[in-house]
Amino acid sequence: MASETARPLWKKMIRRVMIVLLVPLALLALTSVVLRVAASKGEREALDGWSRIGRPMDAFEKRWPKRETNGPAGRIEVLCRPMGIDLAMDRDVKRDFSQPFAKELSPYCAGLWEDPSGHVPPIPEVVAAALDDHSDALEEIRSILLGGERPLWKLDISALYAAQMPRFVDQMDLQRVLLLRVLRDALEGRPDEALQWMEASWALNEITLARPELISKMVGIAVRRWQFATLRKTGLSSGAWRPRLADSDLGPTLLDAYQYEAWLFMKTCRGAEDPFRALGGEDPGAVQRFLMRHFGFPYYTLCASQSSEAFREFVERMARETSCTPDTQALSEDLEGMISGWNILAAVAFPDFSQMWERTVRLRLEADLTRLVLEAGAARASGEGSWPAALPAAESCPCPGMSWRYTRDGEGHIEIRIENAPPTDKAGIPLWFTSRPPDTAAGDPSGPDGDAEGR
């Protein structure tokens with residue numbers, strides 16, 4: 001009798017245990033299914049959105065096929081290494097910035113390009129000595145850059161976030177060195193040589209801008225601004241530079257990079273063959289792998305799809321933008337409003353939209369300022385050494401609502417300023433030019449020390 005009573009009790013206990021175990025498992029399974037369905041739908045809608053604006057995501061791997069560092073690039077690496085500039089992507093070597101050359105090079109160039117006048121201070125002795133010591137190597141680098149086969153560094157976008165990228169700090173130092181050769185040859189009366197060095201700098205920067213990564217575009221924009229500032233310092237001009245100055249809008253290539261960032265995030269979360277490696281981590285244990293595959297990565301895909309929609313909205317709106325002063329802050333706020341509170345990964349994925357776009361606008365204006373300085377210099381050369389009293393070319397400006405103001409004072413010095421100028425950015429390159437020496441030039445109207453009206 002007792003055993004008959006105990007049997008129903010055991011059955012009840014077994015049922016309760018099964019309920020306790022199976023209900024959570026069923027809920028977990030349902031949650032996994034819901035997440036996967038939502039992730040698949042979100043990804044499909046995000047991809048359709050890019051295709052709808054003529055930017056299909058599946059074009060990326062065809063556009064940037066996998067490649068290794070080629071022979072010309074490898075030779076440049078070898079030539080740069082004795083200068084303390086290491087471009088090799090596969091070398092885990094930290095740059096020694098305590099060396100005199102490294103310590104002097106960047107500050108000198110920054111001060112040079114932040115000065116709005118045509119004055120060029122003496123190159124620091126240690127930098128000048130390095131230019132002399134490595135003259136043969138630099139000549140060979142120039143020959144490679146201007147030769148037949150373009151130097152190309154390794155590119156493998158299929159590796160996603162684990163992909164190697166160029167050593168941009170060292171590459172920027174190589175650009176500084178090339179532009180100092182431009183300055184030195186121009187000041188020493190060798191304009192044809194100087195233009196060859198400028199062509200080498202341009203060729204190297206075009207290789208950088210042709211890469212898909214956002215940081216490549218950032219570096220390319222920075223170097224392009226250095227190149228224009230160097231032209232203003234030297235007055236160098238050639239037929240090749242007029243169309244380059246006229247076509248200086250890097251907005252489209254920056255929009256390509258924003259789309260690439262969206263593709264990279266989505267591909268990592270959804271399509272990576274080995275997502276743990278793609279995220280830069282080590283392979284976890286079996287339990288964590290199970291949880292990540294069934295819950296983590298569907299959630300990541302949802303986050304990436306929603307973030308991709310915000311990226312697409314930015315790209316679509318900025319592609320239609322004609323103003324040189326778009327309200328990027330308001331746009332950033334609109335994009336933030338598209339992101340749900342559960343999407344905690346969006347903050348990691350989003351770059352600073354407004355700052356980078358403003359730099360492309362400044363680049364267009366700096367290119368136009370360079371055009372005016374070269375026009376004034378050409379008029380001066382044909383006018384017995386005097387700057388022209390007026391500059392008709394200053395009557396046009398690429399930005400609606402902005403205009404250039406060209407003046408010549410009683411001492412014969414000129415100034416070219418822009419009215420309604422955008423604020424000075426962190427790069428510090430002024431958006432004006434003066435023929436006065438630095439100690440007598442007025443302040444930058446677009447900076448904190450200039451006329452508050454701009455103007």
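None of the figures in this text is laboratory data; all of them are computed from the coordinates on show. Not measured: the values here are computed from a predicted model. Heads up, the Cβs are rebuilt from the backbone with ideal geometry, glycines too, and the neighbour counts pull from every protein chain shown.
If you wrap the tightest convex hull around every Cα atom of the range 105-174 and split its volume per residue, you get 152 Å³.
Applying the criteria of a DSSP loop state and at most 15 other Cβ atoms within 10 Å to the chymotrypsin sites (Phe, Trp or Tyr not before Pro) of the range 176-251 yields no site.
I want to check the label-to-label distance for L27 and T325. Put each point 7 Å from Cα in the C-beta direction and report it in nm to one decimal. Going from the L27 label point to the T325 one covers 5.6 nm. Hey, what's the Kirkwood Rh for the range 149-193 if you take every pair of different alpha carbons, in angstrom? One over the average 1/r among Cα pairs gives 13.2 Å for the range 149-193. The GluC sites (Glu not before Pro) of the range 95-157 that meet both conditions, a loop assignment by DSSP and at most 16 other Cβ atoms within 10 Å of the site Cβ, are E149. Using R0 = 45 Å, the C-beta based FRET efficiency linking S396 and S40 works out to 0.30. Taking label positions 7 Å along the Cα-Cβ direction at both E206 and A137, the computed distance is 2.6 nm, reported to one decimal. The simple spin-label model puts a point 7 Å past each Cα toward its Cβ; for R67 and I215 those points are separated by 2.0 nm. Note on L187/Q164: beta-carbon distance plugged into 1/(1 + (r/R0)^6) with R0 of 35 Å gives a FRET efficiency of 0.35. Given the pairs K103/K233; K154/K267; K154/K233, which span a C-alpha to C-alpha distance of over 30 angstrom in this model? With Cα atoms farther than 30 Å apart: K154/K233.
For the range 351-390, the Kirkwood hydrodynamic radius comes to 11.9 Å, computed from all pairs of different C-alpha atoms.
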